[in-house]
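Structure, as structure tokens:
The values are calculated or read from the model by the stated rules, or taken from the named source; none is laboratory data. All values reported here derive from a predicted model rather than from experimental measurement. Cβ sites come from the backbone with ideal geometry, for glycine too, and all protein chains shown count toward neighbours.
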Amino acid sequence: MKSLILTLLYIFSCATSAYTILIDPGHGGEDEGARARYYFAKKKWRLIKEKDIALSLAKMIHEELGKKNFNTYLTRSVDRTVTLAERAEIAEKIKADLFISVHINSSEGNAPRGFETYYLDNHEDSAIKKVEQVENKDLTGKELIVNKILTDLVIERTVKSSKGLASSIHSNIQVLVGKRYKLIDRGVKPGLFYVLALTKRPGILLEVGFLSNSRELMKLLDEKFQRRYAVAVAKGISDYIKMQNKFEPALL
Ligand SMILES: [Zn+2]
């Protein structure tokens, strides 16, 4: 009996670690993403860039997944330009099972705040269209081959898994980070993000918070906040995979 349990445990650990997860820090290099001024002392300020917070958070998520024995990769580990098509190529090369893109939100006013989680799907929401405009803006030339038909096919193939993954990660963020830091839960939402369409696999795009909100920016820059957020994302991914294995014993 004991050896059977040990065998099952071994098979299960292989099944979880067999997943390859690609973490994608948004933007990088010439593409700085959103920017904000952060006042840290009287009349002293520093320019904060979305690409830097995204990289720091992505590295922590990568570390936390490593602790759970997942095969995990980053689309960039330094500040460099990576096109959306190149991110998709990396996903293909490493045969990623799941794709997690990390972004920081921004708005014209100081008021909007909170975290939201996107998966690839169609929608008619004008507020979401504004977020898409920001995250899709470096799309040029041949990257535009992502036409509607391809996007629809990817949606059809991935929407169920991506939505499940998004819900698992989002609820873990709410429980492990949201309550402690009094974050507003803006929900799990459908969005047409080309980085998700191009990678053609179950994936999500995280908007961690608003750097245009000065109070939220303080939290986003806090290393403890970032670590907790990374732990929550890693737990959300591992919970999702456990659920998959539970309902699809063939994977074992
Ligand atoms: Zn972004």
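Here D138 passes the criteria (1) at pLDDT 90 or above; (2) in contact with a strand residue (DSSP E or B) (Cβ under 7 Å, 6 or more places away or on another chain) except the one numbered (1).
Here Q244 passes the criteria (1) at pLDDT 95 or above; (2) assigned to a helix (DSSP H, G or I) except the one numbered (1). Return a yes/no flag: does region 152-171 have any residue that is part of a loop (DSSP other than H, G, I, E, B) and buried (at least 17 other Cβ atoms within 10 Å of the Cβ). Checked region 152-171: no residue is part of a loop (DSSP other than H, G, I, E, B) and buried (at least 17 other Cβ atoms within 10 Å of the Cβ).
Evaluate region 41-49: report whether one residue or more is surrounded by fewer than 22 Cβ atoms within 10 Å (Cβ to Cβ) and assigned to a loop (DSSP other than H, G, I, E, B).
First, pick out the residues of region 41-49 that are surrounded by fewer than 22 Cβ atoms within 10 Å (Cβ to Cβ): 41-49.
Restricting the remaining residues to those that are assigned to a loop (DSSP other than H, G, I, E, B) gives 42-43.
Yes, because at least one residue in region 41-49 is surrounded by fewer than 22 Cβ atoms within 10 Å (Cβ to Cβ) and assigned to a loop (DSSP other than H, G, I, E, B).
Against the definition (aliphatic (A, V, I, L, M), touching a helix residue (DSSP H, G or I) at 6+ places or on another chain (Cβ under 6 Å) and at pLDDT 95 or above), how does I237 come out, yes or no? So I237 does not fit the description; no. Within region 13-30, one or more residues are among the polar types (S, T, N, Q), at pLDDT 95 or above and either surrounded by 12 or more Cβ atoms within 10 Å (Cβ to Cβ) or within 22 Å of Q133 (Cβ to Cβ) (or both).
Mind listing whichever residues of region 89-112 are more than 16 Å from the ligand (Cβ to nearest atom) and at negative phi? If you could, list the steps in order and put the result at the bottom.
Going through region 89-112, the residues more than 16 Å from the ligand (Cβ to nearest atom) turn out to be 89-98, 109-111.
Hits for region 89-112 are E89, I90, A91, E92, K93, I94, A96, D97, L98, G109, N110, A111.
Picking from residues in region 58-105 that are among the polar types (S, T, N, Q) and modelled with pLDDT under 95, the one that is surrounded by the most Cβ atoms within 10 Å (Cβ to Cβ) is T83. For region 193-241, the set of residues classified as out of contact with any strand residue (DSSP E or B) (no Cβ under 7 Å at 6 or more places or on another chain), in a loop (DSSP other than H, G, I, E, B) and on the phi < 0 side of the Ramachandran plot consists of N213, D222, listed by residue number. Filtering region 106-120 to residues that are among the acidic types (D, E) and surrounded by fewer than 18 Cβ atoms within 10 Å (Cβ to Cβ) leaves only E108.
So that you can scan it fast, the table gives a plain yes or no per residue for (1) farther than 23 Å from V231 by Cα; (2) assigned to a helix (DSSP H, G or I); (3) in contact (Cβ under 8 Å) with a residue 60 or more places away in the chain:
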| position | (1), (2), (3) |
| --- | --- |
| A88 | yes, yes, yes |
| P112 | yes, no, yes |
| H123 | yes, no, yes |
| I149 | yes, yes, no |
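Residues in region 119-139 that are within 11 Å of the ligand (Cβ to nearest atom) and not polar (S, T, N, Q): V131, E132, V134, E135, K137, D138.
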